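The values are calculated or read from the model by the stated rules, or taken from the named source; none is laboratory data. On a predicted model such as this, the values are computed, not experimentally measured, just so you know. Glycine gets a Cβ as well: all are built from the backbone with ideal geometry, and neighbour counts include every protein chain shown. For the accessible areas, the whole protein counts, side chains as well, though only heavy atoms, and no ligand, DNA or RNA atoms are used. Shrake-Rupley method; radii C 1.70, N 1.55, O 1.52, S 1.80 Å.
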Amino acid sequence: MNHSATKEHHKLLSEHFGITAIPGQFTVALAGNPNVGKSTVFNALTGLHQHTGNWPGKTVDNAQGSFTYLDRSFLMVDLPGTYSILAHTIEEQVARDFICFGKPDVTLVVLDATCLERNLNLALQVMEITPKIIVCVNLMDEAEKKNIKIDLSALQKDLGVPVVATAARSGMGLDTLRQKLHEMSIGLCTPTPRQISYSSEVENAIQQLLPNVSRLIGSNLNPRWVTLRLLDGDQAFIKSISQYLNLDLHSTRLQEVAV
Amino acid sequence: MSAVIKPMTTLEEICTEAEKIRLSNPDLGDKIVSDIYQNAEMIAGPAVIKNSTDSRSWDHKLDDILTSRRLGYPIMFALLSIIFWITIAGANVPSQMIADTLFAFQDQLLIWFELAGAPSWLTGILVLGMFRGLAWVIAVMLPPMAIFFPLFTLLEDLGYLPRVAFNLDNMFRRCRACGKQILTMCMGFGCNAAGVVSCRIIDSPRERLIAVLTNNFVPCNGRFPTLIAIATIFMGGMVVSELQTAVASVVVTSLVVLGIFVTFAVSWALSHTLLKGEASSMVLELPPYRKPQLGAIFYRSLIDRTIFVLKRAIIMAAPAGAITWLLANIYIGEISIIGHLAAWLQPFAYAIGLDGFILLTFILGLPANEIVMPILLMCYLSTGQMMEYGTLEELRDILINNNWTWLTAVCTMLFCLLHWPCTTALLSAYKETGSKKWTFLTFLIPTVIAFIVCFIVAQSARLLNLV
Amino acid sequence: MNTAITTIPLSTLGIGSACQIVSLNLQGLLRRRILDLGMVPGTPVQCIRKSPAGDPVAYMVRDTLIALRSEDASQIYVNPM
Ligand SMILES: Nc1nc2c(ncn2[C@@H]2O[C@H](COP(=O)(O)OP(=O)(O)OP(=O)(O)O)[C@@H](O)[C@H]2O)c(=O)[nH]1
Ligand SMILES: [Mg+2]
């Protein structure tokens with residue numbers, strides 16, 4: 001990222017998300033379903049004391065904190081927990097807009113090992129937006145107690161992104177997590193996440209719009225994902241696009257944002 | 001396919017086209033979600049190996065008890081009472097110790113100031129005002145909160161709070177509100193400002209507003225200790241010492257339960273007037289119980305609370321102490337400024353079972369409820385009796401010397417529970433609602449209710465010759 | 001559709017019984033929320049417990065316990081298993 005682009009990015013972060021990054025710092029977004037331990041992971045990495053609690057909805061506001069690993073500084077952003085980022089509620093919109101337009105260097109998706117299937121719903125949605133994602137399967141200790149085993153290497157291969165198992169409360173797996181965050185931030189690892197395969201009904205609809213969407217938005221966002229949002233009639237998203245990317249309803253081409 | 005695609009150039013055109021496709025295929029949104037879940041199943045299926053456990057897990061067994069038809073409500077009530085009992089029983093001794101230490105230090109400070117030849121107004125503002133205000137807040141506030149919050153966090157980390165919402169949702173539904181409102185009330189125990197912010201977990205804007213407007217009816221960190229102090233030294237003081245703690249915790253528990261009922265009543269009233277509407281839906285996840293990490297919880301919430309209380313004490317109580325000392329020691333004619341103010345408020349205050357000083361301190365306590373008790377004591381002490389805070393009995397004597405009866409105690413506690421929120425909470429309400437009107441109502445509703453309730457209680461007690 | 005004969009509202013399901021979701025007759029945010037939680041057609045659901053007042057009721061969906069009011073659950077149609 002060149003210098004002016006970094007500045008541009010920092011301005012965006014502070015104006016739209018109230019996040020202040022210092023130059024050279026990598027930003028990491030923490031996304032996940034409610035109550036999976038995002039704030040616990042956040043605390044464990046940053047050494048801060050965000051409130052945690054065993055109920056969905058404890059965190060309702062963005063929180064930021066930083067840590068240093070191998071001489072690089074990382075800015076963590078703890079997002080509110082959401083079941084989905086199709087943005088039906090304000091929290092979902094906050095989380096979605098940050099992942100989508102905040103352009104974090106890495107999005108860390110925290111999953112609950114005891115109900116992986118439901119949690120993968122969100123992970124797959126994030127993987128459609130950005131390839132820079134690390135999956136953190138948290139609560140491994142709880143899963144073990146419930147006699148649930150997870151084949152992590154199979155999961156990693158299937159998802160096409162790094163998967164790290166953690167038990168954030170006791171600190172298990174956090175070293176690996178830091179290492180993976182570092183690797184991805186400095187560009188040592190560029191995953192190709194598995195893309196959702198849709199039924200023919202949805203796929204046909206996508207194909208009808210995709211070429212035009214691609215032309216319109218250029219390389220800013222994954223055109224396939226944008227198409228899906230438009231097909232979904234997501235008014236909030238249309239508003240977000242115009243807000244963050246300076247695209248009004250009538251312009252013929254997105255203003256390219258340097259990345 | 002591409003042959004039929006019309007070239008579109010603007011976002012608006014694409015949106016219109018998308019709209020058309022959606023209309024011809026109304027299930028598309030559902031289908032997208034279904035497809036994502038199908039993918040999730042395909043991935044999770046081979047990656048997750050579940051060895052079914054035969055016995056019902058302790059999760060289920062615990063839920064069988066905590067949400068049972070017969071025991072669900074009694075257990076909630078019992079847990080609440082037990083927590084208050086432990087808080088009150090445990091806070092006594094440390095409170096006394098902190099008070100002893102800090103007031104011994106105050107005496108030392110007085111000696112040093114005298115040796116240094118400081119003018120008496122300086123000694124007054126710094127030592128008798130600031131330091132004493134600070135000392136009282138710490139002695140009265142810190143111990144109960146440092147006991148209450150770790151216990152509460154224990155239940156929170158266990159996963160009990162969503163069960164409370166599960167148990168109580170039916171009542172909230174009847175008030176056309178959301179069961180998650182109780183979660184926001186639980187956060188209000190810590191701080192009403194935080195409680196107001198946590199209302200974001202309620203999806204329906206109407207129900208969220210109801211939760212914001214009523215959050216104040218749970219006593220926050222700043223009001224709780226006032227209730228505990230009055231309950232202990234006054235209500236508890238009326239019975240033999242063995243029963244003191246028990247009586248005090250019954251009184252505090254009843255007050256909190258009353259606050260919850262007022263919340264129901266106000267929510268119901270709002271749903272039928274200003275915020276008319278039907279109950280919307282509620283989707284509540286009940287997470288599995290998790291074994292709390294005892295040590296970490298106690299340590300963490302103890303530190304958190306101590307820092308919170310000390311910070312508020314220094315920011316709020318110290319300046320408030322200085323101002324109060326000035327007001328109490330600048331005389332206009334025969335009476336100090338504070339005396340004039342109290343005398344002016346007296347008729348009004350008397351009608352609702354308080355006295356001028358009590359009402360005045362509640363008004364001065366608008367920036368932070370923590371300072372109500374210390375300012376009140378300072379007011380009383382400045383009016384003649386040169387008594388120093390020593391034991392709880394002495395505190396009780398201060399109140400009795402200032403004509404407190406059981407009715408004064410009851411009305412003060414009721415007023416404390418129900419009155420206006422502090423400025424921090426009002427600010428949060430403004431940020432969350434973005435409206436001056438709703439912020440004003442957040443102030444007005446509790447205020448009106450506090451006056452009405454105290455008026456009715458005071459007048460009926462006097463009519464029936466109970467005092 | 002021969003499934004229509006056995007299709008019942010989720011709210012009528014007894015404690016301990018299991019079923020499979022057929023369709024949702026819900027609108028707006030609730031519909032999306034329910035779908036996002038994984039209650040899509042074909043998903044198995046088990047009725048676990050009632051709250052002390054009888055409403056809401058907790059259901060097990062994809063290894064998660066989710067409480068729904070009977071008013072809402074009555075708009076979710078299922079096939080008992
Ligand atoms: N046993 C165990 N418990 C954990 C672990 N990580 C987090 N927890 C507990 O899980 C609960 C939820 O953790 P939080 O960090 O508050 O979860 P969150 O994802 O931030 O939740 P929201 O803010 O509501 O979205 C807390 O009670 C934590 O103590 C873990 O690895 N093992
Ligand atoms: Mg959190």
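Matching residues to (1) without any contact (Cβ under 8 Å) to a residue 24 or more places away in the chain; (2) within 12 Å of another protein chain (Cβ to nearest Cβ):
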{"residue": "B:51", "(1), (2)": "yes, yes"}
{"residue": "B:66", "(1), (2)": "no, yes"}
{"residue": "B:76", "(1), (2)": "no, yes"}
{"residue": "B:91", "(1), (2)": "no, no"}
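Annotation: residue A:77 fulfils all but one of (1) within 14 Å of chain B (Cβ to nearest Cβ); (2) within 16 Å of ligand 2 (Cβ to nearest atom); the unmet one is (1). Are any of the residues in region C:35-47 facing chain B (nearest Cβ under 8 Å), under 23 Å from residue B:170 (Cα atoms) and of a type outside the set (S, T, N, Q)? For region C:35-47, residues facing chain B (nearest Cβ under 8 Å), under 23 Å from residue B:170 (Cα atoms) and of a type outside the set (S, T, N, Q): present.
A quick yes/no check of all residues on (1) farther than 25 Å from residue B:299 by Cβ; (2) in a helix (DSSP H, G or I); (3) within 14 Å of chain C (Cβ to nearest Cβ):
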{"residue": "B:98", "(1), (2), (3)": "no, yes, no"}
{"residue": "B:101", "(1), (2), (3)": "no, yes, no"}
{"residue": "B:104", "(1), (2), (3)": "yes, yes, no"}
{"residue": "B:135", "(1), (2), (3)": "yes, yes, no"}
{"residue": "B:147", "(1), (2), (3)": "no, yes, no"}
{"residue": "B:156", "(1), (2), (3)": "no, yes, no"}
{"residue": "B:170", "(1), (2), (3)": "yes, yes, yes"}
{"residue": "B:177", "(1), (2), (3)": "yes, no, yes"}
{"residue": "B:185", "(1), (2), (3)": "yes, yes, no"}
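Contact map, region B:304-328: residues that are more than 20 Å from residue B:153 (Cα to Cα) paired with residues that are among the charged types (D, E, K, R) and open to solvent by less than 40 Å² (accessible area, probe 1.4 Å), Cβ distance under 9 Å, separation 6+ or inter-chain. Pairs shown: B:312/B:370; B:313/B:370; B:316/B:370; B:317/B:370; B:320/B:370; B:321/B:132; B:325/B:132. Among the numbered conditions (1) among the polar types (S, T, N, Q); (2) away from ligand 2 (no atom under 16 Å from the Cβ); (3) farther than 30 Å from residue A:11 by Cα, the only one that residue A:138 does not meet is (2).
Yes/no matrix, rows are residues, columns are (1) open to solvent by less than 20 Å² (accessible area, probe 1.4 Å); (2) within 16 Å of residue B:453 (Cβ to Cβ); (3) charged (D, E, K, R):
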position	(1), (2), (3)
B:228	yes, no, no
B:234	yes, no, no
B:239	no, no, no
B:246	no, no, no
B:249	yes, no, no
B:252	yes, no, no
B:256	yes, yes, no
B:272	no, no, no
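Within region A:63-82, which residues are within 16 Å of ligand 1 (Cβ to nearest atom) and either free of Cβ contacts under 8 Å to residues at least 24 places away in the same chain or crowded, with 21+ Cβ neighbours inside 10 Å (or both)? If the condition is that a residue be within 16 Å of ligand 1 (Cβ to nearest atom) and either free of Cβ contacts under 8 Å to residues at least 24 places away in the same chain or crowded, with 21+ Cβ neighbours inside 10 Å (or both), then A:65, A:76, A:77, A:78, A:79, A:80, A:81, A:82 are the ones that fit. Residues in region B:66-123 that are over 29 Å from residue B:232 (Cα atoms), of a type in the set (A, V, I, L, M) and open to solvent by less than 40 Å² (accessible area, probe 1.4 Å): 3 in all. For residues that are more than 9 Å from chain B (Cβ to nearest Cβ) and in a loop (DSSP other than H, G, I, E, B), scanning just region C:17-33, find the one that is least open to solvent (accessible area, probe 1.4 Å). Ranking the candidates gives C:17 first. Checked against (1) away from ligand 1 (no atom under 12 Å from the Cβ); (2) touching a residue at least 40 places away in the same chain (Cβ under 8 Å); (3) open to solvent by less than 10 Å² (accessible area, probe 1.4 Å); (4) within 23 Å of residue C:29 (Cβ to Cβ), residue A:93 meets all criteria but (3).
Only a single criterion out of (1) part of a loop (DSSP other than H, G, I, E, B); (2) more than 13 Å from every other protein chain (Cβ to nearest Cβ); (3) touching a Gly at 6+ places or on another chain (Cβ under 9 Å) is not satisfied by residue C:14, namely (3). Within region C:34-56, which residues are hydrophobic (A, V, I, L, M, F, W, C), open to solvent by 10 Å² or more (accessible area, probe 1.4 Å) and in a strand (DSSP E or B)? Listed by number, the list holds a single entry, C:48.
So, of the residues in region A:22-44 that are buried (at least 24 other Cβ atoms within 10 Å of the Cβ), away from chain B (no Cβ under 14 Å) and not β-branched (Val, Ile, Thr), which turns out to be farthest from ligand 1 (Cβ to nearest atom)? The qualifying residue farthest from ligand 1 (Cβ to nearest atom) is A:29. When the criteria are applied in full, residue A:223 fails the requirement of being touching a Gly at 6+ places or on another chain (Cβ under 6 Å) and crowded, with 19+ Cβ neighbours inside 10 Å.
Can you find a residue that is facing chain B (nearest Cβ under 10 Å), at pLDDT 90 or above and over 12 Å from the mean Cα position of the chain (by Cα) anywhere in region C:64-79? Yes; the residues of region C:64-79 include at least one that is facing chain B (nearest Cβ under 10 Å), at pLDDT 90 or above and over 12 Å from the mean Cα position of the chain (by Cα).
For region B:195-207, a tally of residues being in contact (Cβ under 8 Å) with a residue 24 or more places away in the chain and open to solvent by 10 Å² or more (accessible area, probe 1.4 Å) returns 5. Looking at A:21, A:44, just one residue is within 16 Å of ligand 2 (Cβ to nearest atom), more than 17 Å from the chain's Cα centre (by Cα) and in contact (Cβ under 8 Å) with a residue 40 or more places away in the chain, and that residue is A:44. Among residues of region B:441-467 that are assigned to a loop (DSSP other than H, G, I, E, B), those with a beta-carbon under 8 Å from a residue that is surrounded by 12 or more Cβ atoms within 10 Å (Cβ to Cβ) at least six positions away or on a different chain give the pairs B:466/B:407; B:467/B:405; B:467/B:406; B:467/B:407; B:467/B:461.
Which ones in region B:158-168 are outside any loop (DSSP other than H, G, I, E, B), within 12 Å of ligand 1 (Cβ to nearest atom) and within 14 Å of chain C (Cβ to nearest Cβ)?
Let us first name the residues in region B:158-168 that are outside any loop (DSSP other than H, G, I, E, B), namely B:158, B:161-168.
Filter again for within 12 Å of ligand 1 (Cβ to nearest atom), leaving B:158, B:161-162.
Answer for region B:158-168, where residues must be outside any loop (DSSP other than H, G, I, E, B), within 12 Å of ligand 1 (Cβ to nearest atom) and within 14 Å of chain C (Cβ to nearest Cβ): B:161, B:162.
Within region B:276-299, residues that are more than 8 Å from chain C (Cβ to nearest Cβ) and at pLDDT 90 or above sit with their Cβ atoms under 8 Å from residues that are open to solvent by 70 Å² or more (accessible area, probe 1.4 Å) and within 15 Å of ligand 1 (Cβ to nearest atom), at 6+ positions apart or across chains, in these pairs: B:289/B:58.
Of the residues that make up region A:208-215, is at least one in contact (Cβ under 8 Å) with a residue 60 or more places away in the chain, aliphatic (A, V, I, L, M), part of a helix (DSSP H, G or I) and at negative phi?
Going through region A:208-215, the residues in contact (Cβ under 8 Å) with a residue 60 or more places away in the chain turn out to be none.
No: region A:208-215 contains no residue that is in contact (Cβ under 8 Å) with a residue 60 or more places away in the chain, aliphatic (A, V, I, L, M), part of a helix (DSSP H, G or I) and at negative phi.
Within region A:54-61, one or more residues are in contact (Cβ under 8 Å) with a residue 12 or more places away in the chain, within 11 Å of ligand 2 (Cβ to nearest atom), open to solvent by 40 Å² or more (accessible area, probe 1.4 Å) and within 14 Å of chain B (Cβ to nearest Cβ).
Of everything in region A:156-191, what is closer than 25 Å to residue B:46 by Cβ, within 16 Å of ligand 1 (Cβ to nearest atom), open to solvent by less than 50 Å² (accessible area, probe 1.4 Å) and of a type outside the set (Ser, Thr, Tyr)? Give them in sequence order. I'd like the intermediate steps shown before the answer.
Residues of region A:156-191 closer than 25 Å to residue B:46 by Cβ: A:156-167, A:172-173, A:176-177, A:180, A:189, A:191.
Narrowing further to those that are within 16 Å of ligand 1 (Cβ to nearest atom): A:163-167, A:172-173, A:176-177.
Now drop any that are not open to solvent by less than 50 Å² (accessible area, probe 1.4 Å), which leaves A:163-167, A:173, A:177.
The answer is A:163, A:164, A:165, A:167, A:173, A:177.
With respect to the conditions (1) open to solvent by less than 10 Å² (accessible area, probe 1.4 Å); (2) within 14 Å of chain C (Cβ to nearest Cβ), residue B:127 lacks only one, and its number is (2).
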